[in-house]
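A.B. asks: Got a structure for you, written out below as C-alpha cells; questions coming shortly.
The values are calculated or read from the model by the stated rules, or taken from the named source; none is laboratory data. Please read these numbers as outputs of a predicted model, since none were measured by experiment. Cβ placement follows ideal geometry from the backbone for every residue including glycine, while neighbour counts extend to all protein chains displayed.
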Amino acid sequence: MKKDKRFIITLLVLLGLIFVSVVVSLNLGSLNLTPTDVIKTLFGFGSKSQNIVIFNLRLPRIIIGILVGVALAVSGTVLQGVTKNELADSGILGINSGAALFVVIYIYFMNGNVYEGVSNLTIFTMPIVALLGAIFGAFLVYILAYKDGIDSSRLLLIGIGINIAFTSILTIFQLRFTTQEFNRVMAWTTGSIWGANYKYVIAILPFIVVCLGLIFYKSRYLNVLNLGDDISIGLGVNVEKERRKLIIYAVILAGVSTSVAGSIGFLGLISPHIGRKLVGPNHKKLIPVSALIGALLLVFSDTISRNLIAPLEIPVGIVVAVVGVPYFIYLMVKE
C-alpha cells in the first residue's frame, strides 16, 4: 500500500513538473510571452502573432518532444530489462544511428535539397524508413552478439562498434551535401527537433501509441525475464520469443523517434535509472514513471537548447548528453 502511494505521488509530481516545463517552454523564445499571454492564446484570445508562435511553432515542437522523450525512455527501459544490462540504450547500441543513416540517405534521394524543406510524402514515410534502419542496426547487433544466448557485455561492446560504424558512414555520406545542407543535417543527427509541425506528430503518433500499449501489456514478462532464463522457462515463458517481441517494440519506438528528432543518446539510458530509484524495478510502475521522466528531460533540454544562445540554437542532443555522459561514465565505473 505504501509503495502504491509512493507510485501515485511520483506520477503526480512528474506530471506537475512536465506541465511547468511546457508552460515555461511556451513562454520563452525569440518572442517572449507572459504566462497570461500563453493562457489567453490557448483559450483563443491571443493576437495573430501570438497564435502563430504558440500553435504553429512552439506547441507542435513540445508535443514532439514529449512523444520522443516518452518513446526513447520506454525503449531504454525495455532494452535494459531484456538484456539485464543497465548500460543498454538505443543510442549506444547503434539503433538510433542506423535509423538516422537510413533517414538521411532517404531525404537526400527524395528531396535533392534538404535545406529547402521536406515534402509531405517524405514526412509520412520517414518513420518507416527510420524503422527499417533501426531494425537493420538491431538485427546486426543481435546476430553478432548471439552465441548460445545473449551475453549482456558482448551485446554492449558490439553495439558500440556498430554505432561507431554507422556514424562514420553517415559522416561520409554527409559530404555529398552542400555546406548549408551539411550543417542542418549535422545538427539533426546530433539530436534536434527541427521543422516540427503537426504532420510529424500525426506521422509518429500511431507507432508510439501502439508500441507503448503492447509494452505495458508485456511488462509482466519483463519482470519474469529479470529473474533469469532458467526461472523464466520454469514459469512457462518462451524466453527467446518474448525477448524478440520486446526488442522489436523497443526498436520501433527508437526508430520513429529518430525520424523526427535525430539521434538523441543517453535519454533512454538515464530515465530508467532515475525511475528505478523512485519506484523500484517493477516494470508495471517503472515503465510509466520512466516515460514521464523522459518527457520531462527532453522538454526541459529542448527549452534550454532553444534559448541558451538565442537566436542560435544548440542541438538538443548535446544538452541531453551534458547530463547523460557523466552518468554513463558513473555507471561504467560502477560496473
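A.B. asks: What residue, among those in region 61-90 that are more than 16 Å from the chain's Cα centre (by Cα) and not hydroxyl-bearing (S, T, Y), is farthest from Y142 (Cα to Cα)?
C.D. replies: Looking only at region 61-90, we keep the residues that are more than 16 Å from the chain's Cα centre (by Cα), and these are 81-86.
Subset that is not hydroxyl-bearing (S, T, Y): 81-82, 84-86.
Working: G81: 15, V82: 12, K84: 15, N85: 14, E86: 17 Å.
The selected residue is E86.
A.B. asks: Another question, if that's okay. Examine region 4-14 for a residue that is under 23 Å from I304 (Cα atoms) and part of a helix (DSSP H, G or I), and state whether such a residue exists.
C.D. replies: yes
A.B. asks: Return yes or no: is K284 among the charged types (D, E, K, R) and buried (at least 16 other Cβ atoms within 10 Å of the Cβ)?
C.D. replies: Against the criterion (among the charged types (D, E, K, R) and buried (at least 16 other Cβ atoms within 10 Å of the Cβ)), K284 does not qualify.
A.B. asks: Return the residues of region 283-311 that are touching a residue at least 12 places away in the same chain (Cβ under 8 Å) and part of a loop (DSSP other than H, G, I, E, B); say none if nothing qualifies.
C.D. replies: Those that are touching a residue at least 12 places away in the same chain (Cβ under 8 Å) and part of a loop (DSSP other than H, G, I, E, B): A310, P311.
A.B. asks: Then there's this: Of the residues G268, G317, which single one is closer than 26 Å to T171 by Cβ, out of contact with any Phe, Trp or Tyr (no Cβ under 9 Å at 6 or more places or on another chain) and modelled with pLDDT of 85 or more?
C.D. replies: That would be G268, the only listed residue that is closer than 26 Å to T171 by Cβ, out of contact with any Phe, Trp or Tyr (no Cβ under 9 Å at 6 or more places or on another chain) and modelled with pLDDT of 85 or more.
A.B. asks: Among the candidates A196, A187, single out the residue that is in a helix (DSSP H, G or I), within 18 Å of the chain's Cα centre (by Cα) and under 19 Å from I123 (Cα atoms).
C.D. replies: Working: A196 fails: in a helix (DSSP H, G or I).
Selected residue: A187, the only one of A196, A187 that is in a helix (DSSP H, G or I), within 18 Å of the chain's Cα centre (by Cα) and under 19 Å from I123 (Cα atoms).
A.B. asks: Are any residues in region 252-276 within 10 Å of S75 (Cβ to Cβ) and among the small types (G, A, S), and if so, which ones?
C.D. replies: If the condition is that a residue be within 10 Å of S75 (Cβ to Cβ) and among the small types (G, A, S), then A254, G255, S257, G268, S271 are the ones that fit.
A.B. asks: Given the residues A203, A196, which is the only one that is surrounded by 15 or more Cβ atoms within 10 Å (Cβ to Cβ), among the small types (G, A, S) and more than 17 Å from L72 (Cα to Cα)? Quick ask: steps written out before the conclusion?
C.D. replies: Working: A203 fails: more than 17 Å from L72 (Cα to Cα).
So the residue among A203, A196 that is surrounded by 15 or more Cβ atoms within 10 Å (Cβ to Cβ), among the small types (G, A, S) and more than 17 Å from L72 (Cα to Cα) is A196.
A.B. asks: Only one residue in Y249, Y221 is in a helix (DSSP H, G or I), surrounded by fewer than 24 Cβ atoms within 10 Å (Cβ to Cβ) and in contact with an Asp or Glu (Cβ under 8 Å, 6 or more places away or on another chain), so which one is that? Explain how you work it out, then say what you get.
C.D. replies: Numbers: Y249 fails: in contact with an Asp or Glu (Cβ under 8 Å, 6 or more places away or on another chain).
After ruling out the rest, the residue left standing is Y221.
A.B. asks: Could you check, for region 154-166, whether at least one of its residues is in a loop (DSSP other than H, G, I, E, B) and touching a residue at least 24 places away in the same chain (Cβ under 8 Å)?
C.D. replies: Taking every residue of region 154-166 in turn, none turns out to be in a loop (DSSP other than H, G, I, E, B) and touching a residue at least 24 places away in the same chain (Cβ under 8 Å).
A.B. asks: Considering each of L225, L253, L292, L297 in turn, give the residue that is touching a Ser or Thr at 6+ places or on another chain (Cβ under 6 Å) and under 24 Å from N197 (Cα atoms).
C.D. replies: L253
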